1. Under a plain spin-label model, where a point goes 7 Å from the Cα along Cα-to-Cβ, how far apart in nm are Lys262 and Val368?
2. So which lysines can Lys403 reach, going by Cα to Cα under 21 Å and dropping same-chain residues fewer than 8 places off?
3. State to the nearest 20 debye the size of the charge dipole of the range 536-630 about its Cα centre, where the only charges are +1 on K and R beta carbons and -1 on D and E beta carbons.
4. In what order do Asp147, Asp282, Asp521 fall by count of nearby beta-carbon atoms within 10 Å, going from fewest to most?
5. Run the reach check for Lys602 against lysines, Cα to Cα strictly under 17 Å, same-chain hits fewer than 8 apart removed. What comes back?
6. Once label points are set 7 Å from the Cα along Cα→Cβ at both Lys451 and Lys150, what is their separation, rounded to one decimal in nm?
7. Fewest Cβ neighbours within 10 Å first, please rank Met500, Met232, Met614 accordingly.
8. Compute the Cα gyration tensor for the range 1-126, then decide on rounded, prolate or oblate, letting a ≥ b ≥ c be the square roots of its eigenvalues: rounded whenever a/c is under 1.5, prolate when a/b is larger than b/c in the other cases, and oblate in all that remain.
Amino acid sequence: MGKELLYTIEKNEHTKEDIKRILEENPNIKFVSLMGVDLGGNATDEKIPVKFLLDDIDDFLASAVQTDGSSVELYNIATLNNAKVDLMPDRDCRWYVDYNMEFIDEETGLPVGTLKIPAFLIHDNKKVCSRGILQKADKYFKESLMDVFKTYPKVLENLGIESADEIEDIGLTAATELEFWVNTPEDKADLEKLYISQSLKEQYWKRTHGVIRTCLEESLIILGKMGIEPEMAHKEVGGIPSSISIEGKTNHAMEQLEISWKFSTPLQAADNELLVRDVVEDVFTAHGLEVTFKAKPIDGVAGNGGHTHFGVSVLLKNGKRQNVFAPVDMKSDYLSIAGYGALMGMLYNYEVINPFVTSSIDGFNRLVPGFEAPICIVTSLGHSYEQPSRNRSVLVGLIRDMKNPKTLRFELRSPNPLSNKYLVIAAGYQAMIEGIRAAAESGFGPKELEKELSKQPGEEGFYLEKDRAYRDEHDIFEYYSEDERRKRFGNPPATVFENMKNIEKFSYKLKCLKQGNVFTDAVIQSFKVGAIDKWQKKLKTRLIEQNITRIRALKKLHTPENTDAIDEVIWKSISDMKYDLMKDTLTKESLFTRVRNAVDNKEYAEASRLQLEMKRKMNDIEQLYLKYKKNIY
């Protein structure tokens, strides 16, 4: 290909003249796609011929393209009798070109491209999409923080800034990371090999080989051309070594990888993750590999995380940029007043943030003790001011570099790659500004706020709940029993239904999400209804069908020639468990049938309880079968 492909159109080129010129100079760009993101995190991808855009650019950019509400996830908003939803192009962000490398334009000899334009979903003249919510959260946080600075000058003085008049601008920075599993099609997981490899950390940060290396490098190059600025890619803890043929080709692969990229504005950061997922999937698929971003694609081994980072800075009129969360002296405090407030706000309100973080069965499969996946509402600051913490067992991590205060930020460790990052980031900033305001109103300095954050269960606090602890420097999964964790940090939800019920149980905390009209009652209710609807449908059908397949794979292996009494005893136990799980009799319904009936009768609390019972019993039977199989020769 002689000509360099165009990958981005920056926001300063979104004029009628520039767009027309760029598209005419790149005739291989044949289509336009408006990328709206619904409340489920799904991005729209319709194909509009470029000719339609060129015929009337003004009208295309100024008036929304209509779509049917049935094609997007807006439960109770886009209803049957009011289903009109419009897609409005966002001219204040980067646009991208997505290329189909398998379809070459005959005239130019270049791959056919689609101009992807991030957009807003409009219903009844209101933005009802994930991008619109994050845009409002960004604006509200900045306005509210400036108001805090003006009303409570002590917060600014703690940063070494004398007056709010010195501030030119407030900047929010966010970033996500992407972990994913890749394998050759049809390869089945050898759980024992994967578990041993993970325990020995045989794959973590090891060198990539063959087609895996090619795909990873190709992905990074494309992302660089798209302006996403990848910073690092490496093997993660999961996986086993790939099998290479005599010709040097990969026969079998089952590896876990991670890609991270530079921080950006909140909206751009969330847009970036969708685009990174598309690029990774396209590149690996083109090389004959399967990619999954599921939170827990393989039970018993490491899942995929989507850690989300939050930062805030101020640009002063003298040109200096300063981190709002960092203390002036990193050796005498962990955080500034605003930093302590932001962290406490996220922890205190996490019960109503969590529904937007984990809203799928797959997401909860990842959140189990022992896999660096946080389940308790707790943070870690460090064992001393000069010894930063990288405690991987906590919910919110403090990323702190003594030599570079500008990089200080918070890392929310619970999201997975398929969490709706727009809503996660929006909810996080909403909670943080409430906490900052509470810290400012208290009049306390950093030492008093550190004491508040470090309080023990039963101690009164001015903001945090009395019966809870919120900070711990131990590995909370090793140091505490499950019962001790619940007493100290609260009882975490274990299913989608339990998580969505927390919206009602902790309704008094919803005010943090609703401040500034960022999350409306209609949006919160729509998300909740949608999550429960998807949960009960997948529970009743897909999850049970997967479990049936797993049970049918547990075959009798011993014969009269190679058997021992122990084999008969274990197999009898396995058979009894199989019957209990999936076989109905005249006198007893199987567990699977009871789950289906509970869902059909809308007894969701019972269905949730039975889901957990089913999960325990599936784990028990597979562990017993592994023991049985090892004794067969």
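Read-outs throughout are calculated quantities, based only on the coordinates presented, and are distinct from any laboratory measurement. Remember, it's a predicted structure, so these values are computed and weren't measured experimentally. Neighbour counts are summed over all protein chains in view; Cβ atoms, including those assigned to glycine, are modelled from backbone coordinates with ideal geometry.
1. Reported label-point gap for Lys262 and Val368 is 4.0 nm.
2. Lys262, Lys320, Lys331
3. 480 debye
4. Asp521, Asp147, Asp282
5. Lys501, Lys528, Lys534, Lys537, Lys538, Lys540
6. Roughly 3.3 nm, to one decimal.
7. The order, fewest Cβ neighbours first, is Met232, Met614, Met500.
8. In terms of gyration-tensor shape, prolate.
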